[in-house]
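To keep things clear, I will list the structure first and then write my remarks on it.
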Amino acid sequence: MKLLSSMRRQRSLLNCAPISARQLADRTMRSAISRADNSAEFVDQQNFDRAVARLVRFISIPAESAEWFSEKDLVPVVKRTWKNMVRNPAVLAISIAVVVIAGVFVFNFVSHLHDFPGSATARKLLGVAGSTRPVMLDPMNAEAGTLGDLFFMKHGLEHYDVPEEFADFSTIGCRVFEDDESRRVAQIWLAEKRMQLFLFPAERDSKTGAVLQFPGWRYVHQEGWTGAVTEHSGVLFMAAVRGGEKDLEPYLLKPKE
Amino acid sequence: MPERKQNLPQLYRFCFLMLGDSQKAQEVFHATLREAAVRAARGELPSEPFWLFRDARWRCLDATKSDLQPESIEMDERDVAPDSESQVQRLDPMQLAIWISAAPDPQRSALALFYLDEFDYREILDIAELKLSELSRFLAKGRRQLQAWLDSKFPQPSKV
């Protein structure tokens, strides 16, 4: 039954076989013709069709009708200019979306360009610095450099030492608290420019547990505050001040005595 | 405009084959193009391909509706002969057009579109709104009838 139907379809296709090869785009037609190519009946049909088509091409076009066949198109093709394309609401909407996405991408890229291990925590602590009031800290009148011993003895925090650049400044208060990831953070308030110092655990490699180190000082910025961060013995130290990097630079460049 | 440019000389030939009369063919051809120009000016051109041919076909059918219709008689049919080519060559294009235009539609449309050698079979099915089996039947029958007519018009010397 299927074979019969297939043969019938092939016969139908052969009856409609194109006169010239340029109409031979259909694969099923090509296949039907290739099967029947040598049959005398099909050859006669093709010769007959070609002769009739040739005769049709001899139909002359009257002069009045030929006037329509000028070089220019009957219906002018509307050229798609850039202007028209840009005015298209769909193109406009897509363009705006692409620009916004690109903007967000660039913003994220630029803002993370100077990231370093622990920069996210440092930014959070700058937020803490902005919202901290002196009464929230335990009063402490000492040199900042001496508080490392206090943190070790009272809170068991090893290597929570203030770097020598800030060790000589006198403090007005300090405290130890846990951040939202239960990491213990030491916060010191200095009399100098109402600067705040933070000491907190450095980031570690999730697989090996090794401390992710970085050399020198790095800056972070958040809500008008700037922090200068350095790493030492698995502990990050940040000096935070309301202002810009210029406010911190003199302390970091201070020559050792 | 559709991607494939509408071939205007072929459009005229199509009208001529459908109507078998140069004057009528010109009228339909001009009416079709005028209508197309008006629609283009309004920006209402159809997006489907070969709409000019489809439009012209309906105009041709409409133009012949009021004409005297040929009696529906069973025409002779003959197998296509190996030497039919020479018989066709002796025909005048006008004679062929008159013969095709006398065929009942949709066979007339099928023959006119097919012998324009402008469209593949799927395009003809689309323009003439036919199924493959119908187009095949009309073309096969048309060939056999045309062969019979050629035989009667230009009898071949009998082979001994």
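The values are calculated or read from the model by the stated rules, or taken from the named source; none is laboratory data. The model shown is predicted, which means the values in this text are computed figures rather than measured ones. Glycine gets a Cβ as well: all are built from the backbone with ideal geometry, and neighbour counts include every protein chain shown. For accessibility, only protein heavy atoms count, side chains too; no ligands or nucleic acids. Shrake-Rupley method; radii C 1.70, N 1.55, O 1.52, S 1.80 Å.
Quick notes on this structure:
- Per-region count, region B:26-58, residues in contact (Cβ under 8 Å) with a residue 40 or more places away in the chain and on the phi < 0 side of the Ramachandran plot: 10
- Here A:Phe237 meets each of (1) at pLDDT 90 or above; (2) farther than 18 Å from A:Arg123 by Cβ; (3) surrounded by 15 or more Cβ atoms within 10 Å (Cβ to Cβ) with one exception, condition (2).
- Helices (runs of 4 or more DSSP H) wholly inside region B:72-160 that include at least 2 residues being open to solvent by 50 Å² or more (accessible area, probe 1.4 Å): B:84-89, B:93-101, B:121-128, B:132-153
- Residue match in region A:208-219 (condition: closer than 18 Å to A:Val135 by Cβ, in contact with a helix residue (DSSP H, G or I) (Cβ under 9 Å, 6 or more places away or on another chain) and not aliphatic (A, V, I, L, M)): no
- Extreme residue, nearest to A:Ala240 (Cα to Cα), among residues of region A:153-167 that are of a type outside the set (Asp, Glu) and in a loop (DSSP other than H, G, I, E, B): A:Phe166
- Any hit, region B:87-101, residues being facing chain A (nearest Cβ under 10 Å), within 20 Å of A:Arg9 (Cβ to Cβ) and in contact with an Asp or Glu (Cβ under 9 Å, 6 or more places away or on another chain): no
- Residue that is modelled with the lowest pLDDT [pool: residues in region A:197-219 that are in a loop (DSSP other than H, G, I, E, B) and open to solvent by less than 30 Å² (accessible area, probe 1.4 Å)]: A:Phe214
- Matching entry among A:Val43, A:Val52 (being assigned to a helix (DSSP H, G or I), open to solvent by 20 Å² or more (accessible area, probe 1.4 Å) and either out of contact with any helix residue (DSSP H, G or I) (no Cβ under 9 Å at 6 or more places or on another chain) or facing chain B (nearest Cβ under 10 Å) (or both)): A:Val43
- Enumeration of residues in region B:128-152 that are closer than 22 Å to A:Leu55 by Cα, at the interface with another protein chain (Cβ under 9 Å from one of its Cβ atoms) and not hydrophobic (A, V, I, L, M, F, W, C): B:Ser136, B:Arg143, B:Gln147
- Enumeration of residues in region A:132-152 that are surrounded by 13 or more Cβ atoms within 10 Å (Cβ to Cβ) and acidic (Asp, Glu): A:Glu143
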